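One structure is given here, and the rest of the page talks about it.
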Amino acid sequence: AQSVTQLDSQVPVFEEAPVELRCNYSSSVSVYLFWYVQYPNQGLQLLLKYLSGSTLVESINGFEAEFNKSQTSFHLRKPSVHISDTAEYFCAVRKNQAGTALIFGKGTTLSVSS
Amino acid sequence: GAGVSQSPSNKVTEKGKDVELRCDPISGHTALYWYRQSLGQGLEFLIYFQGNSAPDKSGLPSDRFSAERTGGSVSTLTIQRTQQEDSAVYLCASSPRAGAGETQYFGPGTRLLVL
């Protein structure tokens, strides 16, 4: 079975500060890794995903995540956050097999203030 | 284009009543998933459809929960004899195919409150 641990339930930061949201996973089989974001009063949206190839993946709004197989981590980072990044962020894994469900972490609430 | 839609957006019901939650996936998406988001449990998988069949129902918490999909499109999640612990946001997601690398597109959810 797979599991995901998001080590921080809440991360408060000031605008323009760097941020790292931590995610560790456990799996005995090959998995794909995802970060989803849920803005206030909106649905879940894919932020980025790692399937294969380069271990560093980027989103269109400046976030990046690095797959580290030895540490079983997929931490999300942004060098300078904006107020608009305030949201809940979910890390998820999925077994490398068709039709499998996403297994989510419990989420990290990122609060950006000025 | 249109995203995944769900109805109703909010549902308040009394304990013991049955409820039906509807999901309209993105047109052409063959894979459809139901998840539940609750305060205590986070996001949990319920059931997966490929076309009209459900190869994976492993996440349904009890036999009070059932789901169907017709015409390879609309899906309905039914909860019979609702209990207070069923209160949660029920999310539907669809993807073009069932591949593990496919992005799942989520609907806005149905917020269910059982009194």
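The values are calculated or read from the model by the stated rules, or taken from the named source; none is laboratory data. The structure presented is a predicted model; accordingly, all values stated were derived computationally and were not measured. Cβ placement follows ideal geometry from the backbone for every residue including glycine, while neighbour counts extend to all protein chains displayed. Side chains are part of the model used for accessible areas, which takes the heavy atoms of the whole protein and leaves out ligands, DNA and RNA. Shrake-Rupley method; radii C 1.70, N 1.55, O 1.52, S 1.80 Å.
Can you work out the accessible area per residue across chain A, with the rest of the protein chains kept in place, probe 1.4 Å, in square angstrom?
Per residue, chain A has an accessible area of 49 Å².
Given contacts defined as C-alpha pairs under 8 Å and at least six residues apart, what's the relative contact order of chain A, whole-number percent?
Here the relative contact order equals 38 percent.
Roughly how large is the B-A contact in terms of buried accessible area, totalled over both chains, probe 1.4 Å, nearest 100 Å²?
1500
Loop only by DSSP, 13 or fewer other Cβ within 10 Å of the Cβ. Give me the trypsin sites (Lys or Arg not before Pro) in segment A:33-90 that pass, ordered by residue number.
When the trypsin sites (Lys or Arg not before Pro) of segment A:33-90 are filtered for loop state and at most 13 Cβ neighbours within 10 Å, A:LYS69 remain.
On the principal axes of its Cα set, how long, how wide and how thick is chain A? Give whole Å, largest value first.
43, 28, 24
Label 7 Å along Cα→Cβ of B:SER58; segment A:97-113 residues with amide nitrogen under 15 Å?
A:97-104
If you roll a 1.4 angstrom probe over the protein chains with everything in place, what fraction of the accessible area of segment B:20-110 belongs to carbon and sulfur, to the nearest %?
45
May I ask you to rank B:PHE106, A:PHE14, A:PHE74 by accessible area, largest first, using a 1.4 Å probe over the protein chains only?
Ranking B:PHE106, A:PHE14, A:PHE74 by accessible area, largest first, yields A:PHE14, B:PHE106, A:PHE74.
Which of the residues in segment A:87-112 show a loss of at least 20 Å² in accessible area from their chain by itself to the complete set of protein chains, at a probe of 1.4 Å?
A:PHE90, A:ARG94, A:ALA98, A:GLY99, A:ALA101, A:LEU102, A:PHE104, A:LYS106
Tabulate in residue order the Karplus-calculated ³J(HN,Hα) for segment A:32-43, using 6.51 cos²θ - 1.76 cosθ + 1.60 with θ = phi - 60°, rounded to whole Hz; enter x for Gly and Pro.
Running phi through 6.51 cos²θ - 1.76 cosθ + 1.60 with θ = phi - 60° gives 9, 10, 9, 10, 10, 10, 10, 6, x, 6, 10, x Hz.
Roughly how many Å² is the accessible area per residue of chain B, as a whole number, for a 1.4 Å probe?
Per residue, chain B has an accessible area of 46 Å².
Which of the residues in segment B:79-115 lose at least 50 Å² of accessible area when you go from the chain alone to all protein chains together (probe 1.4 Å)?
B:ALA100, B:GLY101, B:THR103, B:GLN104, B:PHE106
Percent of accessible area on chain A owned by carbon and sulfur, 1.4 Å probe?
Percent of accessible area from carbon and sulfur atoms in chain A: 48.
In segment B:14-51, which residues become less accessible by 10 Å² or more once every protein chain is in place, relative to the chain on its own, using a 1.4 Å probe?
Buried-area filter returns B:TYR33, B:TYR35, B:GLN37, B:GLY40, B:GLN41, B:GLY42, B:LEU43, B:PHE45, B:TYR48.
Give me the tail of P(r) for segment B:1-82 as a percent: Cα-Cα pairs with distance above 14 Å.
65
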